[in-house]
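Read through the structure below, which is laid out as structure tokens, and then see the notes.
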Amino acid sequence: MHPALEPQHGRAQGMPVGPVPRPSARVVLIDDADRLLLFSSRDQLNGMVRWYTPGGDVQDGDSHQEAALRELREETGVTGVTLGPEVWRGRPWITERDGVTYEVRQRYYLARVPAFEIDTTRMEDFEKTSITGHR
């Protein structure tokens, strides 16, 4: 198991130390018609729909920019994108996946692209089952 995925425990008492940091990179993707791409997911606990930009985890050895471009390719099929500046750092938030609690720390980058058809065939299985739509 990757060290970041192992449960974190206190040394003496066996108490949880806290959530595992999970750096993330996202892209504010705007096409030449000034449309912003968002994906949606439905919260399994309360049924609420959440909309968010393309992006995901920063993997070992990746910079935030490399992760943003990789995730953009996987989630949309778009390649050859030049990222603009980092435009925002989101407030950290807590999530749980497979029994591990994470603190997600997101950086957002701006990118402009020509209009395109989204290709989701490179999405990971988790994304294919959790993403309910895009606009």
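Only the coordinates and a few stated rules stand behind these numbers; no lab work does. Note that the structure is a prediction, hence the values are computed from the model and not measured. Neighbour counts are summed over all protein chains in view; Cβ atoms, including those assigned to glycine, are modelled from backbone coordinates with ideal geometry.
Rounded to the nearest 20 Debye, what is the dipole magnitude of the range 17-134 about its Cα centre when Lys and Arg each give +1 and Asp and Glu each give -1 at the C-beta?
Dipole of the range 17-134, to the nearest 20 debye: 380 debye.
Taking springs between alpha-carbon atoms closer than 10 angstrom, which of Val113, Val87, Val17 fluctuates most in the Gaussian network model of the chain?
Highest fluctuation of the listed residues: Val17.
I'd like to compare 80-86, 35-41, 93-99: which one has the highest average count of other Cβ atoms within 10 Å, and what's the full order after that? If you can, show how the numbers build up before the last one.
Numbers: 80-86: 12.0, 35-41: 15.7, 93-99: 9.4.
The peptides rank, most packed first, as 35-41, 80-86, 93-99.
Say the dipole of the chain comes from +1 at the beta carbon of Lys and Arg and -1 at that of Asp and Glu; which of Ala68, Val104, Val58 then lies farthest toward its positive end?
Val104
What's the FRET efficiency of Arg112 with Ser40 using the Cβ-Cβ distance as r and R₀ = 25 Å, to the nearest 0.05?
It comes to 0.65.
Could you check which residue among Leu72, Leu29, Leu45 shows the biggest mean-square fluctuation in a GNM of the chain with a 10 Å Cα cutoff?
Leu45
With a ≥ b ≥ c taken as the square roots of the eigenvalues of the C-alpha gyration tensor of the range 24-84, please select rounded if a/c is under 1.5 and otherwise prolate if a/b is larger than b/c or oblate if it is not?
Numbers: a/c = 2.63, a/b = 1.29, b/c = 2.04.
Here the range 24-84 falls in the oblate category.
Nearest 500 deg cm²/dmol is fine: what mean residue ellipticity at 222 nm does the chain get from its DSSP H runs of n ≥ 4 alone, each adding -39,500 (n - 2.57), divided by its residue count?
Computed mean residue ellipticity for the chain: -4000 deg cm²/dmol.
Using Cα springs under 10 Å in a Gaussian network model of the chain, which residue among Gln59, Gln106, Gln44 shows the largest mean-square fluctuation?
Sorting by GNM fluctuation, first place goes to Gln44.
Here are a few candidate values for percent of Cα pairs over 28 Å apart: [x] 54; [y] 21; [z] 18. Which one was actually calculated from the structure I just gave you?
Read-out from the structure maps to [y].
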